[in-house]
Amino acid sequence: MRGYTELHRHLDVSMRLSTLLELAQERGLVPTSTSLAEFEKEFILREPMEDLGRVLAKFTLYQQVQDRPDVLERVAYEVACDAFAEGIHKIEFRYSPGFITDLSKLPWIDSLDGFDAGLKRAQAENPGLKTGLICIGSRDFGMASIEKTIEFYLKHDDRFIGFDLAGDEALYPNSLYWHAMKPVVASGANITIHAGEASGPDSVWSALEDLGAKRIGHGIRSVEDPELMDYLREKQILLEMCPTSNRITSAWPDYSTHPFRTCFEFGIPVSLNTDDPSIFGNRLSDEIGIAKNSMRMSDVQIRKSFDDANAHSFINEN
Ligand SMILES: [Zn+2]
């Protein structure tokens with residue numbers, strides 16, 4: 001059986017919930033009396049979010065517990081093993097060194113060493129599993145953090161398979177980063193940019209034209225611009241789509257009209273991804289189920305999207 005390929009999963013918010021609870025309890029952040037079932041009920045986001053404060057508090061917990069290289073190693077190892085057990089043979093993880101070390105003040109290199117070691121151990125124990133790490137610059141952390149991330153990426157680009165910008169694209173448009181991203185583009189890096197999720201087609205155009213993106217994270221709002229749709233098809237730019245994430249963040253609340261199907265039928269390569277599975281409680285099989293049952297796509301169509309994901313993976317080139 002050919003395994004699945006997943007291209008868009010944030011490793012810093014992907015850990016097993018049982019591990020998150022254990023680490024949070026060890027650090028006194030969650031009462032030891034809290035059961036996994038109670039924690040899951042309270043923590044996992046199942047419905048579109050209304051209270052952004054509650055969501056941000058969840059992100060804080062991930063920053064608080066991932067405070068040592070051995071913790072990051074364990075997290076990466078478990079997540080990669082779980083993915084393989086689910087039938088995913090090739091998986092690209094991404095993480096933001098600025099985000100993950102923000103509270104722990106862990107040296108950035110420790111975050112890379114920890115995650116990298118965990119992925120390597122998972123690969124050694126699961127022949128057939130291929131993983132890779134994409135480095136993320138977090139827009140919300142300011143330009144100095146983006147510049148530091150770019151410097152970090154360029155110094156360690158043999159340990160990453162690509163570079164990404166994530167965070168609030170409406171408040172911090174992609175065009176702001178044209179100058180900062182120049183050395184990344186010049187290095188020939190595989191670039192994917194979160195765009196066209198909270199903002200419209202202009203954000204996708206800017207990711208492609210200003211920032212050298214070879215793929216787009218989300219890109220759902222590309223459907224608003226026929227010229228952009230033509231361009232994406234002509235250039236075969238893959239859009240990494242995350243239906244559950246889009247519903248929960250209210251970026252695209254309705255599965256039946258989700259652009260995954262529209263773009264697929266138009267001839268643009270699209271892939272299914274989980275985005276932040278530890279927060280949304282989703283697995284890749286849930287995204288496949290949504291494509292099948294809510295978007296009414298056939299098994300053959302869904303298989304084609306995974307073939308496209310495999311062909312556009314940055315892991316292939318390393
Ligand atoms: Zn994402």
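Assorted remarks:
- Summed over the range 142-173, the residues that are modelled with pLDDT under 95 and under 30 Å from ALA122 (Cβ atoms) give a count of 1.
- Condition check for ALA76: among the aliphatic types (A, V, I, L, M) and out of contact with any helix residue (DSSP H, G or I) (no Cβ under 6 Å at 6 or more places or on another chain): no
- Sub-7 Å Cβ pairs linking a first residue in the range 278-296 that is more than 30 Å from GLN66 (Cβ to Cβ) to a second residue that is modelled with pLDDT of 95 or more and in a loop (DSSP other than H, G, I, E, B), at least 6 apart or interchain, are ALA291/MET297; MET295/HIS258, ordered by first then second residue.
- Residue in the range 31-41 that is assigned to a helix (DSSP H, G or I), of a type outside the set (D, E, K, R) and in contact with a His (Cβ under 9 Å, 6 or more places away or on another chain) present: no
- From the options ILE91, ILE150, residue that is closer than 27 Å to TRP178 by Cα and either surrounded by fewer than 19 Cβ atoms within 10 Å (Cβ to Cβ) or under 19 Å from the mean Cα position of the chain (by Cα) (or both): ILE150
- Yes/no for ASP230 being closer than 18 Å to PHE260 by Cβ, surrounded by fewer than 18 Cβ atoms within 10 Å (Cβ to Cβ) and away from the ligand (no atom under 15 Å from the Cβ): no
- Taken over the range 173-198, the criterion of being of a type in the set (Ser, Thr, Tyr) and buried (at least 19 other Cβ atoms within 10 Å of the Cβ) is satisfied by TYR177, THR192.
- The one condition in (1) touching a strand residue (DSSP E or B) at 6+ places or on another chain (Cβ under 9 Å); (2) surrounded by 19 or more Cβ atoms within 10 Å (Cβ to Cβ) that VAL223 fails to fulfil: (1)
- Consider the range 155-207 and keep the residues that are of a type in the set (Phe, Trp, Tyr) and in contact with a strand residue (DSSP E or B) (Cβ under 9 Å, 6 or more places away or on another chain). The one that is farthest from the ligand (Cβ to nearest atom) is TRP205.
- Any hit, the range 209-216, residues being among the basic types (Lys, Arg) and within 15 Å of the chain's Cα centre (by Cα): yes
The values are calculated or read from the model by the stated rules, or taken from the named source; none is laboratory data. Note that the structure is a prediction, hence the values are computed from the model and not measured. Neighbour counts are summed over all protein chains in view; Cβ atoms, including those assigned to glycine, are modelled from backbone coordinates with ideal geometry.
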